[in-house]
Amino acid sequence: MADRSVLVTGGTGALGEAVTAAFVAAGWRVVVPSRERQPGATSPADDVVRLTADLADPAETRHAVEAAAGDAGAPLRAVVNLVGGFAAGGRVHETPVAELERMLTLNLRPTWLVTGTALPHLVAAGGGAVVCVSSRAAVAPFAGAAAYATAKAAVLAFANAVALEYRMDGVRCNTVLPSVIDTPANRGGQPDADHSRWVAPAEIAPVVRFLASPESAPTSGASIPVYGRA
């Protein structure tokens with residue numbers, strides 16, 4: 001039986017599935033909320049709890065976090081924020097402010113709500129870890145994605161603030177910065193790119209699991225590049 005729980009947002013995407021599998025393999029109880037109903041765990045041994053929740057909504061976020069923290073035998077010890085989205089467009093003067101707001105809603109709002117709701121549980125459990133996903137674009141923007149880069153930079157700043165504010169409570173917060181993740185969606189959007197240079201979800205997942213684990217206890221406030229060869 002698992003003796004600790006992790007809440008993985010975005011757990012039904014390509015990266016989320018790899019991250020969920022990494023935590024299950026390491027013996028964690030994994031709670032995976034999604035906006036649409038997903039199939040349940042394939043067996044009781046999976047230690048995967050799937051539930052429906054819109055993580056842009058405070059009440060539904062609270063429901064998801066309470067489910068993650070609701071097993072006394074496996075207290076909530078980690079939160080992994082994978083929910084996000086990308087959109088490219090024109091240059092800044094060609095990008096409506098509504099697009100910036102949409103990117104912030106997709107990338108920052110769920111991370112803020114989930115983390116803020118989970119922090120009291122992590123503190124009560126004696127500490128834990130938060131792992132956020134930003135992007136290389138947050139520190140090295142590219143043309144046509146100012147709104148996306150701004151939102152991911154906001155995620156990075158938020159994670160650093162959490163690391164600072166909760167370090168005395170035993171809660172760590174670190175961020176991974178992927179380049180281009182090798183997913184079917186990204187391949188479909190960039191069919192002519194050299195996909196061999198992209199970073200695979202299965203390569204990122206162990207990094208995320210490590211940052212959530214006691215093995216990385218001295219590390220907080222770090223921004224970890226996971227670029228592959230891109």
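Values computed for the structure shown
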{"quantity": "Residues of the range 87-123 classified as out of contact with any Gly (no Cβ under 9 Å at 6 or more places or on another chain) and modelled with pLDDT under 95, total", "calculated": "1"}
{"quantity": "In the range 180-222, the residues that are part of a helix (DSSP H, G or I), closer than 17 Å to PHE86 by Cα and out of contact with any His (no Cβ under 9 Å at 6 or more places or on another chain)", "calculated": "PRO184, ALA185, GLY188, GLY189, PRO201"}
{"quantity": "Only listed residue being surrounded by 15 or more Cβ atoms within 10 Å (Cβ to Cβ), over 30 Å from VAL92 (Cα atoms) and at pLDDT 95 or above, chosen from SER223, SER135, SER213", "calculated": "SER213"}
{"quantity": "Qualifying position, being more than 17 Å from the chain's Cα centre (by Cα) and either surrounded by fewer than 18 Cβ atoms within 10 Å (Cβ to Cβ) or at pLDDT 95 or above (or both), among THR42, THR61, THR20, THR9", "calculated": "THR42"}
{"quantity": "Hits in the range 79-94 - residues which are in a helix (DSSP H, G or I) and among the hydrophobic types (A, V, I, L, M, F, W, C)", "calculated": "VAL92"}
{"quantity": "Selection within the range 162-179 - in a helix (DSSP H, G or I) and open to solvent by less than 40 Å² (accessible area, probe 1.4 Å)", "calculated": "VAL162, ALA163"}
{"quantity": "Test: residue in the range 50-57 that is of a type outside the set (D, E, K, R), open to solvent by 40 Å² or more (accessible area, probe 1.4 Å) and within 13 Å of the chain's Cα centre (by Cα)", "calculated": "no"}
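The values are calculated or read from the model by the stated rules, or taken from the named source; none is laboratory data. Just so it is clear, the model here is predicted, and its values are computed rather than measured. Cβ sites come from the backbone with ideal geometry, for glycine too, and all protein chains shown count toward neighbours. We work out accessible area using only protein heavy atoms, side chains counted, and drop any ligands, DNA or RNA first. Shrake-Rupley method; radii C 1.70, N 1.55, O 1.52, S 1.80 Å.
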